[in-house]
1. Using 0.36 nm times the number of residues separating ASP69 and ALA151, minus their current alpha carbon distance, what extension gain do you get?
2. Under 5 Å between amide H atoms, partner at least 5 residues away or on a different chain: which partners does PHE99 have, H built in plane at 1.01 Å?
3. Please state the Cα pair-distance histogram of segment 50-172 with 5 angstrom bins from zero: what percent is in each bin?
4. Around THR45, which amide H atoms from residues at least 5 apart in sequence, or from another chain, sit under 5 Å from its own amide H, with H modelled in the peptide plane?
5. Quick check: residue separation of ASP166 and ALA115 times 0.36 nm, minus the Cα distance between them. What number comes out in nm?
6. Quick check: with the 1.4 Å probe, what order do ARG44, ARG53, ARG68 take by accessible area, largest first?
7. Largest first, how would VAL128, VAL39 line up by accessible area (1.4 Å probe)?
Amino acid sequence: MRLPVVLSLFACAAFSACGESPSGDEAAPSMEEPEQASVLPNGRTAAEQIEFRKAEYKKLAGNFKDIRDSLKSGAPDMSLIQAKADDIEAGTKDMGDWFPAGTGPESGLKTSAKAEIWTQTEDFANKVMAFQTAAAKLAMAAASGDPESIAPAFGATGGTCKSCHDIYKAKG
């Protein structure tokens, strides 16, 4: 059974601290740079990219929550809904770039992104585009100021999120 990268590094560090290598030799083995420290074409490491992705999704989730809460309040705050819908649309613009190779489960880093993102790239790209389209429609509906048109656009946008999560996001 292959130890995860973190455990392997911990074992080497523990043996190095004692002046021994895992094999019992006096000198610690030379370690190659962990894969997650490699720089991606976008200039981030895999760990930085995963943290960036998590932060962007957290912003999107906050915007969705704010719109939902406002719509349910009985007196929707149209300026808040418009701003949050605009933020959602803007947040989706480069979403397809959030998943460069090397930032999935194979990185050994904690991520909810499932390997299927990189094995079913066409379907994943289509789901991202559907979300982007729905987010644009939500922003247009919000700009109208009509809660009756915002609610269905909001539901459709949330539905595109769920359709992606069902396949491409690990539970938990």
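The values are calculated or read from the model by the stated rules, or taken from the named source; none is laboratory data. As the structure is a computational prediction, the values presented were derived from the model and not from experiment. Each accessible area value is taken on the protein alone, full model and side chains, heavy atoms only, with ligands, DNA and RNA left out. Shrake-Rupley method; radii C 1.70, N 1.55, O 1.52, S 1.80 Å.
1. Numbers: separation 82, 0.36 × 82 = 29.52 nm, distance 1.16 nm.
The ASP69-ALA151 span can extend by a further 28.4 nm.
2. The answer is none.
3. 2, 11, 21, 23, 17, 12, 8, 4, 2, 0
4. For THR45, the qualifying residues are LEU40.
5. Numbers: separation 51, 0.36 × 51 = 18.36 nm, distance 1.32 nm.
Result for the pair: 17.0 nm of gain on full extension.
6. Numbers: ARG44 75, ARG53 10, ARG68 95 Å².
Accessible-area ranking of ARG44, ARG53, ARG68, largest first: ARG68, ARG44, ARG53.
7. Details: VAL128 10, VAL39 105 Å².
Sorted by accessible area, descending: VAL39, VAL128.
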